[in-house]
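Right, one structure below, let's go through it.
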Amino acid sequence: MKALLDRVDRPRLAALLLWTLPVLALLPLGLIWLWRTETLFYWLAALVACSAAGHGLQYWLRRRDRRLLAGPATVADPHWPPKADGAWSAVETLAESVTPDEWPLNDGSRLLALGRQTLAAVARHYHPDVEQPLLQLTLPHTLLIIERASRDLRMTVTEHIPFSHRLTIGALTRARDWLTQIKQLWNLYRAGRLVINPADALMSEVWTHLRNRGYELAWPELQRWLLQEYVRKTGYYAIELYSGRLTLTDVDTTPAQPPGYEAAQTTEPLRILVLGRANAGKSSLLNALFGQLTAATDVLPDTTAALTRYRLEREGLEAALIFDTPGSDRGALTEKSLLAVMPDLIFWVCAAHRPDREPDRECLNAVRAWYTARPDQRPPPILVVMTHIDQLRPSREWEPPYDLRDGSGGKAGNIRAAVAAVAADLAAPVADVIPVCLAVGRVYNVDDALWAAILARQDEARRVRFLRCLEQRKRAENWALLFRQMVNTGRFLLDLPRRILL
């Protein structure tokens, strides 16, 4: 305090006090006048009421600002594989725990440590058995994460924080230093006023406390939001990398449009895999979808000896490749089909008039287990196509359409009961079981109910296709990078003798 007073020009300070003394005297003189007119109590009540109202208004503004800051917060991407859910939960937990006191924005080393802690949290989720999972990152990928996270944070701050594009780091530093000196002078003034006028000083302290409780809430909230976004952005792109979606040759993109998304949407057709037991109606389903004889059908088992591919193009559906398969009575054939096709949508064909559905359940469980063991892949939606509904009792009755919402009895009631039984036996949602008839001259519920179900699951199938295309792209990129690195190394070695001689 003594050093601070030594730096003050005392004559100038005295001149300033002479100018301000008449104004400062108004408050104690006014209090004396209020006390003599017996209105001091009412003035104090009004002071407390206004201060409380101001504090309430500031509290409401704080909550409003918090909602505004919550709007642009980074969220998980729906295109991520299921394995990314746990990593994002770790990032959110870390983001919610950061505080400006522990991680000051003006300390670059602490922010770097926070970034490393975020990367380590994501890496630990993907490499739980490695002692130092962060060391699994390559240098180019680490730089790419920093680049993308910094870019997105810059865009978010520019768009949502007023005057951020005009505020420099130097100005913030100088303002912080000025505030420190001003607070020291203010504390000195408060101590002197408490000695000269205790009543006035006490009321002023109450008012200042209420005011600061309101006005000083905004800056800590903004600091906390910046720290949380820093953690979320860093974690977001770390998950992008571990999910295979962030590659070194990607063009500049934003989280709203993932890398390679447009290319995957327009060039690669959807892959639909038709599975089911022999004679369940798989080939007949293809004929009904195409509207013409496309696949051979026969009463003999395993008419389709191997995977057969057909290209389907219909209004409302992007180009799709449909793969017909042999009877999946053995689980090994089902797994081989999954590995060969990597489908984006699966049709499981099941006969309504066959009560022995245990083999269907076993094969369908094998499909689910196959994807559960591969959390880096998104499982495709599965539609259970229940065929042969015309053979349900009464077998001779066939007068479609049938209202399946009315299960009072008759053919419609039996179809509805069969849908519920198939859904229970195969552990599938009732909405995913579509009853159809595929008999020649009796095709029913294909162009309406089944087609509507396919279109409703098209977006989910696109997400599966997106991850599949990115995996293919990543493998191609690895070979392309290796080729370029070998070529550049060869050129360097060929040029090395000339460099040495020079």
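Note on the range 74-112: residues that are among the polar types (S, T, N, Q) and modelled with pLDDT under 85 total 3. Test Ala461 against the criterion of being at pLDDT 75 or above and in contact with a Leu (Cβ under 6 Å, 6 or more places away or on another chain), and give yes or no. The answer is yes for Ala461.
Those residues that are of a type outside the set (A, V, I, L, M) and in contact (Cβ under 8 Å) with a residue 40 or more places away in the chain, I need them from the range 105-124; list them, please. It would help to see each step written out before you state the result.
Keep residues of the range 105-124 that are of a type outside the set (A, V, I, L, M), which gives 106-110, 115-118, 124.
Of everything in the range 105-124, those that are of a type outside the set (A, V, I, L, M) and in contact (Cβ under 8 Å) with a residue 40 or more places away in the chain turn out to be Asn106, Gly115, Thr118.
Of all residues in the range 76-91, exactly one satisfies the criterion of being touching a residue at least 12 places away in the same chain (Cβ under 8 Å), under 11 Å from the mean Cα position of the chain (by Cα) and either surrounded by fewer than 17 Cβ atoms within 10 Å (Cβ to Cβ) or on the phi > 0 side of the Ramachandran plot (or both), namely Pro78. Of the strands (runs of 3 or more DSSP E) lying entirely inside the range 310-396, those containing at least 1 residues that are over 21 Å from Ala431 (Cβ atoms) are 317-324.
This table checks each residue for (1) in contact with a Lys or Arg (Cβ under 8 Å, 6 or more places away or on another chain); (2) crowded, with 17+ Cβ neighbours inside 10 Å; (3) in contact (Cβ under 8 Å) with a residue 40 or more places away in the chain; (4) in the same structural domain as Pro81 (by TED's automatic domain parsing).
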| site | (1), (2), (3), (4) |
| --- | --- |
| Leu345 | yes, yes, yes, no |
| Leu364 | no, yes, yes, no |
| Met386 | no, yes, yes, no |
| Tyr402 | yes, yes, no, no |
| Gly409 | no, no, no, no |
| Ala412 | no, yes, no, no |
| Ala418 | no, yes, yes, no |
| Gly441 | no, no, no, no |
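The values are calculated or read from the model by the stated rules, or taken from the named source; none is laboratory data. Please read these numbers as outputs of a predicted model, since none were measured by experiment. Backbone-built Cβ (ideal geometry, glycine too); neighbour counts: all protein chains shown.
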